[in-house]
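Presented below is the structure to which this report refers.
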Amino acid sequence: MKLESIDTFVTVPPTGLGGSFWVFVKVTTDVGIDGVGECYGIPVSADITCRMITDTFDRYIAGMDPHHVETMFRRVYSAGFTQRPDVSMMGVFSGIEMAVWDILGKHHEVPVYELLGGRFHDRLRTYTYLYPLDVDENGQPGEGSPDVYHDGDAAAEAAARYVEMGWTAIKQDPAGPYTIQGGRELSLGELSRSEYNVRRIREAVGDRADILFGTHGQMTTSSAIRLARRLEPYDPLWFEEPCPPDQMDAIGRVAAATSIPVATGERLTTKGEFHAALEAGVSIVQPDIGRSGGVWETKKIAILTELYNAQIAPHIYCGPVAHAAAAHVGFTSPSFLLLETIRSEFHEAVVVEPLDWDSGYLSPPCRPGLGIELDLDAIAAHPYTSGGRLHLEMAQTVLDSANTRTIGEL
């Protein structure tokens, strides 16, 4: 059996939940078995991403035996004489590699987790963001919808609603804009708003749910420590990516200064970068399988956490294929903690049969491979227009420590 061809499919989620677009791949073998994968967060437009996928497959993977995953990784990791973590190339490879594992599971007639050491967990605990009831095409609160990101009372109400639905872990990120400038000192208003949000959520859910405090690298080390001390009385399960991802020593200093476990990883790729995070003192790693190097590399990252008495909580802000692949790694990993989840009508519409949840827990897929098939008609009904928004984008506005604009739009 040889890997013969690849096709790409791009779709635009109507609500923007999971990103501005999703890039799926389908790899077909010379014996007619095909597999699906998904690329996450490649920082170029989707049409360029698809050309990168096709070029990478044709150069390094076409004609290979699908069992030779390690060789595939080394070929792509070394592309262009690099041999270093590259977020774009690993995003491309991750989607292709997922599809290869889907093929292997179908070929051997078992779910992928049985090829990764076997299922260790009977179910996976999942978490959700506090999403507003009504969102626009960018995933932001619709007109008239309560702002659950910045309004502590609205966040508390949403948290209670999710807990009643069965969720036992909820996340929000009220700390302020994510801009191109990197770390900055949060304003007193941002610090107070964050503390108020977490306090109100804890009052609303009690000990029925963990609170996950999300940020996206917008703070200096000192600012992150100031915020962590305000949050400690409410016992969050984690404090996420408090400093920019290229400042791992800074993230480590935050981890050493707070009792809240520090988590990071959605913008990291390959075991080398995650090893550096663990060495710095991060206790919860968050690889996104559509960027971190695919199924096999993410499994290696999970194994690394066992050596540091740490845990893995896969990040998912994309479509359902990467979600399924991350679940297979989670089911095999003793150090698994939580799996991010987005449940929306469109996430279920683009697949023939969605994943199965029970009161905030994900049940193991039982079908061979990843256990998920694309609905190509549903994908085609929401086409991508070339030159639109990237999958995720940062604010181009630079702020000062009083949270005011200083140089305007770039």
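The values are calculated or read from the model by the stated rules, or taken from the named source; none is laboratory data. Quick caveat, the model's predicted, so the values are computed rather than measured. Cβ sites come from the backbone with ideal geometry, for glycine too, and all protein chains shown count toward neighbours.
Here are some residues: GLY371, GLY387, GLY360. Which one is surrounded by fewer than 18 Cβ atoms within 10 Å (Cβ to Cβ) and either in contact with a helix residue (DSSP H, G or I) (Cβ under 9 Å, 6 or more places away or on another chain) or not β-branched (Val, Ile, Thr) (or both)?
Details: GLY371 fails: surrounded by fewer than 18 Cβ atoms within 10 Å (Cβ to Cβ); GLY360 fails: surrounded by fewer than 18 Cβ atoms within 10 Å (Cβ to Cβ).
Every option except GLY387 fails the conditions.
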Quiz item: Exactly one of (1) in a loop (DSSP other than H, G, I, E, B); (2) β-branched (Val, Ile, Thr); (3) at pLDDT 95 or above is unmet by ILE342. Its number?
Solution: (3)
Practice problem: Scan the stretch 129-149 and give yes if some residue there is modelled with pLDDT of 95 or more, farther than 17 Å from ALA395 by Cβ and not in a loop (DSSP other than H, G, I, E, B), otherwise no. | Solution: no
Exercise. Taking only the stretch 346-372 into account, find how many residues are in a loop (DSSP other than H, G, I, E, B) and either under 18 Å from VAL329 (Cα atoms) or modelled with pLDDT under 95 (or both).
Key: 15
Practice problem: Give the stretch 18-67 a look and list any residue that's hydroxyl-bearing (Ser, Thr, Tyr) and over 22 Å from LEU115 (Cα atoms), or say none. | Solution: SER20, TYR40, SER45, THR49, THR54, THR56, TYR60
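Please find, among GLY63, GLY41, the residue that is outside the structural domain of GLY293 (by TED's automatic domain parsing), assigned to a loop (DSSP other than H, G, I, E, B), buried (at least 16 other Cβ atoms within 10 Å of the Cβ) and not hydrophobic (A, V, I, L, M, F, W, C).
None of the other options fit; the residue is GLY41.
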Practice problem: Out of GLU97, GLU114, report the one residue that is surrounded by 15 or more Cβ atoms within 10 Å (Cβ to Cβ) and under 18 Å from LEU268 (Cβ atoms). | Solution: GLU97
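From the residues in the stretch 14-26 that are among the hydrophobic types (A, V, I, L, M, F, W, C) and assigned to a loop (DSSP other than H, G, I, E, B), which one is surrounded by the most Cβ atoms within 10 Å (Cβ to Cβ)?
Initial filter on the stretch 14-26 (among the hydrophobic types (A, V, I, L, M, F, W, C)): 17, 21-25.
Okay, now just the ones that are also assigned to a loop (DSSP other than H, G, I, E, B), so 17, 21.
Numbers: LEU17: 19, PHE21: 23.
In this case the residue turns out to be PHE21.
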Quiz item: Among the residues of the stretch 18-40, is any among the hydrophobic types (A, V, I, L, M, F, W, C) and modelled with pLDDT under 95?
Solution: no
Quiz item: Filter the stretch 282-301 for residues that are over 16 Å from ALA324 (Cβ atoms) and small (Gly, Ala, Ser); which is surrounded by the fewest Cβ atoms within 10 Å (Cβ to Cβ)?
Solution: SER283
Quiz prompt | Candidate set from the stretch 171-222 (those that are under 26 Å from PRO314 (Cα atoms) and polar (S, T, N, Q)); member that is modelled with the lowest pLDDT | solution = THR179
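From THR11, THR54, which residue is in contact (Cβ under 8 Å) with a residue 40 or more places away in the chain, within 22 Å of LEU370 (Cα to Cα), surrounded by 21 or more Cβ atoms within 10 Å (Cβ to Cβ) and of a type in the set (Ser, Thr, Tyr)?
Working: THR54 fails: surrounded by 21 or more Cβ atoms within 10 Å (Cβ to Cβ).
None of the other options fit; the residue is THR11.
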Exercise. Kindly indicate whether any position in the stretch 163-171 is closer than 18 Å to ILE225 by Cα and assigned to a helix (DSSP H, G or I).
Key: no
Practice problem: Starting from the stretch 68-87, take each residue that is surrounded by 17 or more Cβ atoms within 10 Å (Cβ to Cβ) and list its partners that are in a loop (DSSP other than H, G, I, E, B) and β-branched (Val, Ile, Thr), counting only C-beta distances under 8 angstrom and pairs at least six apart or across chains. | Solution: PRO85/THR269; ASP86/THR269; VAL87/ILE42; VAL87/THR269
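Return the residues of the stretch 172-195 that are part of a loop (DSSP other than H, G, I, E, B) and within 24 Å of MET248 (Cβ to Cβ); say none if nothing qualifies.
Across the stretch 172-195, the qualifying residues are ASP173, ALA175, GLY176, PRO177, TYR178, ILE180, GLN181, GLY182, GLY183, GLU185, LEU186.
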